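Engineer: After the structure tokens below, expect a handful of questions from me.
Bear in mind these aren't lab numbers, they're just calculated from the coordinates by the rules spelled out. Quick caveat: nothing in here was measured; it's all calculated off a predicted structure. Every residue, glycine among them, receives a Cβ derived from its backbone with ideal geometry; neighbour counts consider all protein chains shown.
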Amino acid sequence: MSDSDEDGPPALSADSLAALQEFYNESRTDCIKCLSEQFSVGEVEEDWRMSQFWYTEETATQLAEEVVREAGEGGRVVCVSAPSVYQKLKQGVVDGSDRVSAVVLEFDRRFASYGDDFVFYDYKQPLSLPPSLAPQSFDVVLADPPYLSEECLSKVAQTIQYLSKGKVLLCTGAMMEKLAKELLGVKKCRFLPQHNRNLSNEFRCFVNYPSVLLRSGSSS
Ligand SMILES: C[S@@+](CC[C@H](N)C(=O)[O-])C[C@H]1O[C@@H](n2cnc3c(N)ncnc32)[C@H](O)[C@@H]1O
């Protein structure tokens, strides 16, 4: 055995190292691109029959930033009928999103492609949830109920109260303000969420904790 064999592992040539580095860079870029596509808002097309109106990229990002900030290190977030925020959390584009875990509760089974993070949810059976979703186990519950009706908000509020450790971010029509306050003790934010298509009803966010969204007037 030569001296160099005993000194450590065999050294790679400069060419091999360069090739390895290139391979690593390309795999990393592919991986980021793949995450970005798999979790892009709009990857699942809107279906109006399920009252689906996706947030703009900017709104989904701002809501994801808000839940990351509020959930804290190692926090748990649940997106109830709000898949765009879940997608934004998973896309790897929001600072700190890798330090929280997220689950999406959805009626649309196309989101089942997200594996164990997906939980089938029908607001008509608000407490029909799997044992993996323990009561009061989420640091932030973000919900965007499918319909602007008392029946729908009341039932979604039961789900929110069951899952929440405390912080609630509700996105719904401005006309639901009074009922939302009665059911969940939330206040209307100045922050204005935007959708990819214009909605006929004024749409707002509501929170039950001292959020920066209460003060920020627009999403731009
Ligand atoms: C107004 S959209 C909110 C989506 C949100 N703006 C976003 O971009 O993620 C309502 C959501 O409720 C879901 N939904 C429809 N029917 C439902 C039901 N019966 N129970 C629970 N969720 C339902 C839709 O699939 C949709 O994601």
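Engineer: Taking the chain as the reference, fit the longest principal axis to its C-alpha atoms, fit the long axis of helix 14-38 to the helix C-alpha atoms, and give the angle between the two in degrees, 0 to 90, nearest 10.
Structural biologist: It is inclined by approximately 10 degrees.
Engineer: Over all alpha-carbon pairs of the chain, lay out the pair-distance distribution in 5 Å bins, whole %, shortest bin first.
Structural biologist: 1, 7, 14, 18, 18, 14, 8, 4, 3, 3, 3, 3, 2, 2, 1, 0, 0
Engineer: Please give me the summed charge of the neighbours of residue 61: other residues whose Cβ is under 11 Å from its Cβ, Lys and Arg +1, Asp and Glu -1.
Structural biologist: Working: positive: 88; negative: 57, 58, 65, 66, 95.
Summing Lys and Arg as +1 and Asp and Glu as -1 gives -4.
Engineer: Convert each backbone phi in the stretch 42-57 into a coupling constant with the Karplus relation 6.51 cos²θ - 1.76 cosθ + 1.60 (shift: θ = phi - 60°), then list the ³J(HN,Hα) values in order as whole Hz, x for Gly and Pro.
Structural biologist: x, 4, 9, 5, 4, 10, 5, 5, 10, 6, 9, 9, 7, 5, 5, 3
Engineer: Would you kindly derive the ³J(HN,Hα) couplings of the stretch 96-111 from the backbone phi angles with the Karplus curve 6.51 cos²θ - 1.76 cosθ + 1.60 (θ = phi - 60°), listing them in order in whole Hz, with x for Gly and Pro?
Structural biologist: In residue order, the calculated couplings are x, 5, 6, 9, 10, 10, 9, 10, 10, 9, 8, 7, 7, 6, 4, 6 Hz.
Engineer: Moving on. What residue among 125, 62, 161 has the largest mean-square fluctuation in a Gaussian network model of the chain, using Cα springs under 10 Å?
Structural biologist: Taking springs between Cα atoms under 10 Å, the residue moving most is 125.
Engineer: If you filter the stretch 147-220 for trypsin sites (Lys or Arg not before Pro), then keep DSSP loop positions with at most 13 other Cβ within 10 Å, what is left?
Structural biologist: Values: sites: 155, 165, 167, 178, 181, 187, 188, 190, 197, 204, 215; in loops: 190, 197, 215.
Sites meeting the loop and neighbour criteria: 190, 197, 215.
Engineer: Name the residue from 172, 71, 52 whose Cα lies farthest towards the positive end of the charge dipole of the chain, charges +1 on Cβ of Lys and Arg and -1 on Cβ of Asp and Glu.
Structural biologist: Ranked along the dipole, the leading option is 172.
Engineer: Okay, moving on. Compute the separation of the alpha-carbon centres of the stretch 68-129 and the stretch 182-201 and state it in Å as a whole number.
Structural biologist: When both Cα centres are located, 19 Å separates them.
Engineer: Sort 145-151, 45-51 by the packing proxy (mean of other Cβ within 10 Å over each peptide's residues), most packed first. Walk me through the intermediate numbers first.
Structural biologist: On the way: 145-151: 15.6, 45-51: 10.6.
Per-residue mean Cβ counts within 10 Å order the peptides as 145-151, 45-51.
Engineer: How far apart, in nm, are the 7 Å Cα→Cβ label points at residue 47 and residue 178?
Structural biologist: It is 3.5 nm.
Engineer: Separate question: If you filter the stretch 65-127 for GluC sites (Glu not before Pro), then keep DSSP loop positions with at most 10 other Cβ within 10 Å, what is left? Before the final figure, lay out the partial values.
Structural biologist: Working: sites: 65, 66, 70, 73, 106; in loops: 73.
Answer in residue order: 73.
Engineer: Oh, and also: GNM, the chain, Cα, under 10 Å: largest mean-square fluctuation among 67, 85, 44?
Structural biologist: 44
Engineer: Oh, and also: Counting DSSP beta bridges in the chain, what percent are antiparallel, to the nearest 5? Present the calculation step by step, with values, prior to reporting the outcome.
Structural biologist: Details: 8 of 25 bridges.
Counting only bridges with both partners in the chain, antiparallel ones make up about 30 percent.
Engineer: Treating the angle as unsigned and between 0 and 90°, give the value, to the nearest 10°, between the Cα long axis of helix 150-163 and the longest Cα principal axis of the chain.
Structural biologist: Around 50 degrees separate the two axes.
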